[in-house]
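To start, the structure under review is shown below, and the notes come after it.
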Amino acid sequence: MIPLSEIREQLDEIDSQIVRLYEKRMELCAEVGLTKIASGKKVYDKEREMQKLATLSQMASNEFNQRGITELYEQLMAMSRKLQYQILTEHGVIGKTAFIGIDSLDKKGARLVFQGVEGAYSQAALHSYFGEECDSFHVQTFRDAMETLEDGLADYAVLPIENSSAGAVSQVYDLLVEFENHIVGEIVLPIRHMLAGLPGTKIEEIECVYSHPQGLMQSARFLDEHRNWQQISVANTAIAAQKVLKEQKKTQAAVCSEYAAKIHHLEILKEGINDNSNNSTRFIIVSNQKVYLKQAGKISICFEIPHESGSLYHILSHFIYNNLNMTKIESRPIEGRTWEYRFFVDFEGNLNDAAVKNAIRGIREEARNLKILGNY
Ligand SMILES: O=C(O)C(=O)C[C@]1(C(=O)O)C=C[C@@H](O)C=C1
């Protein structure tokens, strides 16, 4: 048997050859990068990579090594792409971001839209971001808010995007893809739900409770104690309060904010019914302008990937390689394509940073339909 120290010596020798060859290979790939700048050819050449993987893996003598060679070369070619993206960025080849950097949001005289009615949590978020004296109006649905923006009837919309206990507001994610509106800010609002009914209502009288699905989900534990209550979803927590007032039945109650209960003349029957005492919702400020704040530190993007093993891993490697901190990932089914998903990723950075430019360039080439939702 060959002693371990001797085997290791041989391995060290092979590894130093591999490192030298790797560097030589990368130098050539850098040259390829320059030719691609000159020709305008894309960095990612999938066909060439597939051919290389097939040829090289066939050179290995058994199936185990064929798999190894495939994995190794997938990585090697991914690294050479990353180097080429860097070279493109260094040579000032500008990607398709086309966002305009601004110093601050133009809040003065802005027309603001939120979904729901007076007393909606979105209105409270809007007030804390733009101040109480702002010029705001409400529409019935999230889609209406997006359309209002797109038509130029409002300058900014304030929409909920995720809650700390119930998770993503999936419809808003989908609308960000559908509309050419962009996120320019965000605000987190503590959410405290009340059970509210007509004055004089006793909890024992209640048969039916209205709220937004998120309001019902966030108060699931309390509502579970009253399983005989029918839970009915409406478009907004404040709409629920308005409905209870309008229908004048003591068998009905709403899960809504203290403010919504007050302005719809309801009595608070039970305070703070949310499961999580730190319940909070993150709202986004959406604009119809493709702008970003020059000091912005967070980017939201979405992209689609082929339904293939390893494809998400390869896309996420662009964050790791460029040292970017990913703060959130969500997935949503793609309409009409069963079991295929669109991914939404938030990460720290500014569109002006070289690392961000490199990562976005790579993801744009290697994923489908990359969309930058905003830098804020
Ligand atoms: O041949 C090219 O066009 C290269 O850029 C080199 C290379 C490789 O590493 O072999 C890298 C990226 C391409 O997707 C294909 C192949």
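Annotations for the structure displayed:
- Of all residues making up the stretch 330-358, the number that are of a type in the set (Gly, Ala, Ser) and touching a strand residue (DSSP E or B) at 6+ places or on another chain (Cβ under 8 Å): 2
- Within the stretch 151-175, the set of residues being more than 16 Å from the chain's Cα centre (by Cα) and among the hydroxyl-bearing types (Ser, Thr, Tyr) comprises TYR156, SER165.
- Any chance SER5 is modelled with pLDDT of 95 or more, more than 13 Å from the ligand (Cβ to nearest atom) and outside any helix (DSSP H, G or I): no
- Some residue of the stretch 85-105 being small (Gly, Ala, Ser), part of a loop (DSSP other than H, G, I, E, B), more than 22 Å from VAL32 (Cβ to Cβ) and touching a Lys or Arg at 6+ places or on another chain (Cβ under 8 Å): yes
- Selected residue (criterion: surrounded by the fewest Cβ atoms within 10 Å (Cβ to Cβ)) from residues of the stretch 151-187 that are among the aliphatic types (A, V, I, L, M) and either in the same structural domain as ALA254 (by TED's automatic domain parsing) or in a helix (DSSP H, G or I) (or both): VAL177
- Qualifying residue in the stretch 137-150 (condition: in contact (Cβ under 8 Å) with a residue 40 or more places away in the chain, in contact with a Pro (Cβ under 9 Å, 6 or more places away or on another chain), surrounded by 15 or more Cβ atoms within 10 Å (Cβ to Cβ) and outside any loop (DSSP other than H, G, I, E, B)): no
- Filtering the stretch 38-59 to residues that are within 24 Å of TYR85 (Cβ to Cβ), part of a helix (DSSP H, G or I) and more than 12 Å from the ligand (Cβ to nearest atom) leaves only ALA38.
- Among the residues of the stretch 60-73, those identified as hydroxyl-bearing (Ser, Thr, Tyr) and either part of a helix (DSSP H, G or I) or within 10 Å of the ligand (Cβ to nearest atom) (or both) are THR70, TYR73.
- In the set (1) surrounded by 19 or more Cβ atoms within 10 Å (Cβ to Cβ); (2) part of a loop (DSSP other than H, G, I, E, B), GLU308 fails one condition alone, (1).
The values are calculated or read from the model by the stated rules, or taken from the named source; none is laboratory data. Note that the structure is a prediction, hence the values are computed from the model and not measured. Methodologically, a virtual Cβ is constructed for each residue, glycine included, from the backbone with ideal geometry; neighbour enumeration extends over all protein chains shown.
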